[in-house]
2 protein chains.
Amino acid sequence: MSSQPPAPTPAKPPTAQRSDRELRADARRNRERVLRTAQQLFATDGLGVSLDEIARRAGVGPGTVHRHFPTKEALYLAVATDQLKQLVAEAEVLAAADDPAALFTLLSRMMANGAENVAVKSALVAAEFDLRTAAPDVAADLTRHVADLLDRAHAAGTVRDDLTVDEVMALVAGAFAAIRHAGAETSRKRSAHIAQIILDGLRPQPR
Amino acid sequence: MSSQPPAPTPAKPPTAQRSDRELRADARRNRERVLRTAQQLFATDGLGVSLDEIARRAGVGPGTVHRHFPTKEALYLAVATDQLKQLVAEAEVLAAADDPAALFTLLSRMMANGAENVAVKSALVAAEFDLRTAAPDVAADLTRHVADLLDRAHAAGTVRDDLTVDEVMALVAGAFAAIRHAGAETSRKRSAHIAQIILDGLRPQPR
DNA sequence: AGCATAACCGGGGCGCTGCTCCGTATAGTG
DNA sequence: CACTATACGGAGCAGCGCCCCGGTTATGCT
């Protein structure tokens, strides 16, 4: 322990951190396969699906799943952050444009995705696993963007005065649930309608 | 099999069906205990709670739980139908009064209850167990009342034209989810606010 | 092309959960 | 007050899900 081996100090550079580059080709492909499969199964069958089932459907062995994602929570969080990043990217594009209706556009996108997007759902809810603890930066990014757009909408008077970011987030999560019921097995038209109803509730009310 | 025993035809009357009267006093009390405990634990910790945990908290043995409710699904459905019946009762009272705003009153009640009311949630969603199959009459009763009040509201012009019963039910379920996030650990005031936002979305929109 | 090695596959342990059985205690009845 | 039947409690069983460990296969480098 105390004796440090000569350490050949090989030509190998420190390699810094294990980037994705370090992964072998097939490993990287299998990792992606598992991730995709998990995302789909989580969305359709809920979090109850067993890891073995995911492995089977992905065409890999259970051990492979465990190597890439040491625990079920890790796999779930990987799926969640992956989906969240896409949403944050969209938010940034919308934030760039100077459109007072940008908030509604973003929320529409979130609601549309959310139904098949377990990640976002739990990004706010933390139903089983706590994503905000595991990847606080990504979740916070999304909230920040929403807050920003909400402020602008407030200034423009396109939303009701009494409306906080937390409430908006909660309502988006609620929209997921609502759409899941009515829209999962029916048409997308109905999903859009439900989203519209909730968005209408955000507007300034005639009183 | 083919030979029917003489059947002593005892003095015992047919007893018709085993009413609650047939239960012994302590049995009836324990059943109630389990039901209450299950309702509470389902609401706070979700459906993941083990039956042993419910039994322990209720102060009874696991065997007792199983005797009254042969399976976990049976216990859950008992809790659900119990809560649903209360809601149906409220609906009937509201239906009797001739108030065009009755729909909103009922929905408010549903949303307020729902957050701590796993039953209603799954009455519409059938998240894990299917309540509409197990107790179709009760669930249908509630839907019928809502549909009735919705019709009246349509006639009175207090709700938007494009609104179906299914959508209303879905939105109520969505409200549960929204309230659960924002309201579970915060104040009831916020819960009411979220419910109000959703209800405002149901009103005729200025267009 | 050959070799060192990283990654794969699949079976098995470990813990937990839902469910069942049987001796014991207690409520209800004459 | 004694007797019967009913309900209780806790130990035990089977099944499943998550996780780890062998031998084997495929990959990337020289």
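For the stretch A:19-29, indicate whether the set of residues that are surrounded by 13 or more Cβ atoms within 10 Å (Cβ to Cβ), at pLDDT 85 or above and more than 23 Å from A:Phe176 (Cα to Cα) is non-empty. If you could, list the steps in order and put the result at the bottom.
Within the stretch A:19-29, the subset surrounded by 13 or more Cβ atoms within 10 Å (Cβ to Cβ) is A:23, A:27-28.
Then drop every residue that is not at pLDDT 85 or above, which leaves A:27-28.
Add one more test, that the residue is more than 23 Å from A:Phe176 (Cα to Cα), and what stays is A:27-28.
Among the residues of the stretch A:19-29, at least one is surrounded by 13 or more Cβ atoms within 10 Å (Cβ to Cβ), at pLDDT 85 or above and more than 23 Å from A:Phe176 (Cα to Cα), which makes the answer yes.
Just give me the residues in the stretch B:52-68 being farther than 12 Å from B:Phe42 by Cα and either within 8 Å of DNA strand C (Cβ to nearest atom) or within 14 Å of chain A (Cβ to nearest Cβ) (or both), in sequence order. Reasoning before the result, please.
Filtering the stretch B:52-68 for residues farther than 12 Å from B:Phe42 by Cα gives B:52, B:55-68.
Once the filter is applied, which keeps residues that are farther than 12 Å from B:Phe42 by Cα and either within 8 Å of DNA strand C (Cβ to nearest atom) or within 14 Å of chain A (Cβ to nearest Cβ) (or both), the stretch B:52-68 yields B:Asp52, B:Gly61, B:Pro62, B:Gly63, B:Val65, B:His66, B:Arg67.
From the residues in the stretch B:158-198 that are buried (at least 16 other Cβ atoms within 10 Å of the Cβ) and in a loop (DSSP other than H, G, I, E, B), which one is farthest from the other protein chains (Cβ to nearest Cβ)?
Checking each candidate, the answer is B:Thr158.
Just one of (1) more than 14 Å from chain A (Cβ to nearest Cβ); (2) within 16 Å of DNA strand C (Cβ to nearest atom); (3) in contact (Cβ under 8 Å) with a residue 40 or more places away in the chain; (4) surrounded by fewer than 21 Cβ atoms within 10 Å (Cβ to Cβ) trips up B:Ala95, so point out which.
(2)
For the stretch A:38-51, how many residues meet the condition of being more than 8 Å from DNA strand D (Cβ to nearest atom) and away from every other protein chain (no Cβ under 14 Å)?
6
Restricting attention to the stretch A:57-73, and to residues there that are within 11 Å of DNA strand D (Cβ to nearest atom) and assigned to a helix (DSSP H, G or I), which single residue is nearest to A:Phe176 (Cα to Cα)?
A:Glu73
Which ones in the stretch B:19-39 are farther than 15 Å from B:Lys72 by Cα and away from DNA strand C (no atom under 11 Å from the Cβ)? First the steps, then the outcome.
Narrowing the stretch B:19-39 to residues farther than 15 Å from B:Lys72 by Cα: B:19-30, B:32-33.
Listed by number, the residues that qualify are B:Ser19, B:Asp20, B:Glu32, B:Arg33.
So is A:Thr44 within 15 Å of DNA strand C (Cβ to nearest atom) and among the hydroxyl-bearing types (Ser, Thr, Tyr) or not?
Details: within 15 Å of DNA strand C (Cβ to nearest atom): no; among the hydroxyl-bearing types (Ser, Thr, Tyr): yes.
The answer is no for A:Thr44.
The values are calculated or read from the model by the stated rules, or taken from the named source; none is laboratory data. Just so we're clear, the structure is a prediction, and the values are computed from it rather than from any experiment. Cβ atoms come from the backbone with ideal geometry, glycine included; neighbour counts cover every protein chain shown.
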